[in-house]
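The values are calculated or read from the model by the stated rules, or taken from the named source; none is laboratory data. All of these numbers come straight from a predicted model, not from anything done at the bench. Cβ: placed from backbone, ideal geometry, glycine included. Neighbour counts: every protein chain shown. When the accessible area is computed, the model is the full protein with side chains, heavy atoms only, and any ligands, DNA or RNA have been set aside. Shrake-Rupley method; radii C 1.70, N 1.55, O 1.52, S 1.80 Å.
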Amino acid sequence: VTTSVSPREWAAALVMALALVAPATLGFLGCRGPKLRTGLELLTQGRPVPPEILAACQLAAHRCSRCHPLERVDLAKVSSPEHWGNYVDRMRRQPASGISEADAHVIVRCLVYRTFGPEGIQTIDTKGVQP
Amino acid sequence: MKAYARGLCAAAIAAGTSGVAAVALGDGVQRNFAGSIQLDYLSVPTQDVPRREALDGATVELSLKLANDFSRDISAQVKVCYACHGFEVGMAFFDLRASDHLSFRVGRFTPSFGEFPLRHDPANHRTSDKPLPYDMGRMLRLREWNMSVLPAPWVDNGIEVSGTWEMGGLNQLHWAAYAIMGPKGNADAFDFDFIQSRTPSLYYIDNNSRPTLGARLDGTLELGETSTFSLGASAMGGTYDPDNKLWFFLVGADVVLRLNQVFLRAEYLLRRTQFALGDDPAARFRYGPGANGTYDDFFLKDGFYAEIEAPVRRFDFVLRWDGMRRLGNVPITSPLRSNSAVLRYTAALTYRLFGAIRLKLSGEVYDFSDFPDEVAVHLGVAGPF
């Protein structure tokens, strides 16, 4: 006796198999793999930060993920605190960015602290880095 | 040879910047290099040879972007993309800002239309493909449908004026108006010919000496500290044939509800496109004249999507429902009818493998009004750098 399996049945079987196997496998890998930082923790790099910076990073985590994954922030390379000012300002000018001018000032503080530490904050407080 | 030359240009940009991801130049000029890659494999298990109706198999989407901040108010961006069309320039523009209420973008860019184009980069959206109304070649039966309502990213030459009003908290109002070359088609066109917009042999210039005009207005309302509701409306119109006789009008509406990190999005696009009736419409079209004895000289194409996106630790889950419809006469050779539709149901997840690199997996069920239903599976890897 021969039985034939239609492409539609193959498709259903494949989708079911993927639906069952893929999340289980990824979940297993996720539990065993290195911990990846997400959200706010990604911006603070898991380190204790002053309350003002924590609040700034909370705002950055929310605003920046409006248009792109937060890891984009993690990948950005800047050369100076002023550079972050212009960078954030360019993002702010994107249509519907949802970043106000006041927000931009706060977000820059988070990102400058993240990249240059307390000295970076001192620099922008002294020089008055825009956005 | 041209493709080779364009490849060299892209490689030169990449090589010239790869070692200098961020550079502070003299006089406060700062330069940043960024990019993204997606490799996606599309399988259509319900078809023996899916290639007959889809661009299946593996496709790569690469983008390389260079941003130059001359000052707080002047910047330039250049983006080179490589995908199914080979190397293309996706951005080459200056941003000039007089104030938050008045900015100018001049060059080659994606004009403000809809919400999805903001996230068109595959590293910025979670599914492997785009919603049907914005699809650019990954939908099944793309040729029968002549793709989507407005393929994204729609890249064009022109000028855009825009501005933003902040109204306290997260409340904002944003507007944009632009003049671009617009879509192209032949003098005897049934619809847009998207290939004409990316064919060097026809030049990357306007085909009819008339700009296409468009505008967008969108607002964001604060619902809570981390929740917003955004509403937008967009419109675009002009002629697309060389003789300036065939008009199109495109309108769209979009809503986004953000509840902390959970997004609910919905968009609707409608395009009215005039086509050439020709000297003998009876020989050209499948359907005859209406009750008044005349042929309609236009068709309507509309599309929508609604989706929910939720992150759970290293995962992102997306459920999407989208569709498209075409109303109006069709060429005599078209397999579509005067009222054709497609609905699609998508379940997708992404898994963050390492850094910003994500594995993307999605299953899609297509429900066609004119063809057998199909199942499609996407498996891909995407990430920015």
*Restrict the check to the range B:335-348 and report whether at least one residue is open to solvent by less than 10 Å² (accessible area, probe 1.4 Å), more than 9 Å from chain A (Cβ to nearest Cβ), outside any strand (DSSP E or B) and within 16 Å of B:Met139 (Cα to Cα).*
yes
*Considering residues of the range B:182-195 that are open to solvent by 20 Å² or more (accessible area, probe 1.4 Å) and touching a residue at least 12 places away in the same chain (Cβ under 8 Å) only, the residue nearest to the other protein chains (Cβ to nearest Cβ)*: B:Phe194
_All positions within the range B:336-370 that are among the small types (Gly, Ala, Ser) and under 21 Å from B:Asp135 (Cα atoms)_ = B:Ser340, B:Ala341, B:Ala347, B:Ala348, B:Ser362, B:Gly363, B:Ser369
*Select from the range B:34-79 the residues that are touching a Cys at 6+ places or on another chain (Cβ under 8 Å) and either on the phi > 0 side of the Ramachandran plot or of a type in the set (Ser, Thr, Tyr) (or both) and list them in ascending order.*
B:Thr59, B:Ser63
*Only residues that are of a type outside the set (Asp, Glu), closer than 21 Å to B:Pro384 by Cα and open to solvent by 10 Å² or more (accessible area, probe 1.4 Å): list them for the range A:73-83, please.*
A:Val73, A:Leu75, A:Ala76, A:Lys77, A:Val78, A:Ser79
*Is at least one residue of the range B:66-80 closer than 30 Å to B:Asp206 by Cβ, assigned to a strand (DSSP E or B) and open to solvent by 50 Å² or more (accessible area, probe 1.4 Å)?*
yes
_Restricting to the range B:218-274, name every residue that is within 14 Å of chain A (Cβ to nearest Cβ) and either farther than 23 Å from B:Phe304 by Cβ or of a type in the set (S, T, N, Q) (or both)._
B:Thr220, B:Glu222, B:Leu223, B:Gly224, B:Glu225, B:Thr226, B:Ser227, B:Thr228, B:Ser230, B:Ser234, B:Asn260, B:Gln261
*How do the pairs read when you match residues in the range B:162-181 that are under 30 Å from B:Asn208 (Cα atoms) with residues anywhere that are loosely packed, with under 15 Cβ neighbours inside 10 Å, using Cβ under 6 Å and keeping only pairs 6 or more apart or on different chains?*
B:Gly163/B:His101; B:Gly163/B:Leu102
*For the range B:106-129, state whether one or more residues are touching a residue at least 24 places away in the same chain (Cβ under 8 Å), crowded, with 20+ Cβ neighbours inside 10 Å, within 24 Å of B:Tyr366 (Cα to Cα) and more than 14 Å from chain A (Cβ to nearest Cβ).*
yes
*Limited to the range A:91-122, what total is found for residues that are within 13 Å of chain B (Cβ to nearest Cβ), part of a helix (DSSP H, G or I), open to solvent by less than 40 Å² (accessible area, probe 1.4 Å) and within 22 Å of B:Val256 (Cβ to Cβ)?*
3
*For the range B:213-226, state whether one or more residues are of a type in the set (D, E, K, R) and surrounded by fewer than 18 Cβ atoms within 10 Å (Cβ to Cβ).*
yes
_Test for B:Leu140: is it outside any loop (DSSP other than H, G, I, E, B) and either closer than 25 Å to B:Thr199 by Cα or open to solvent by 50 Å² or more (accessible area, probe 1.4 Å) (or both)_ = no
*Scan the range B:90-105 for residues that are surrounded by fewer than 19 Cβ atoms within 10 Å (Cβ to Cβ) and part of a strand (DSSP E or B) and jot them down.*
B:Ala92, B:Phe94, B:Leu96, B:Ala98, B:Ser99, B:Leu102, B:Phe104
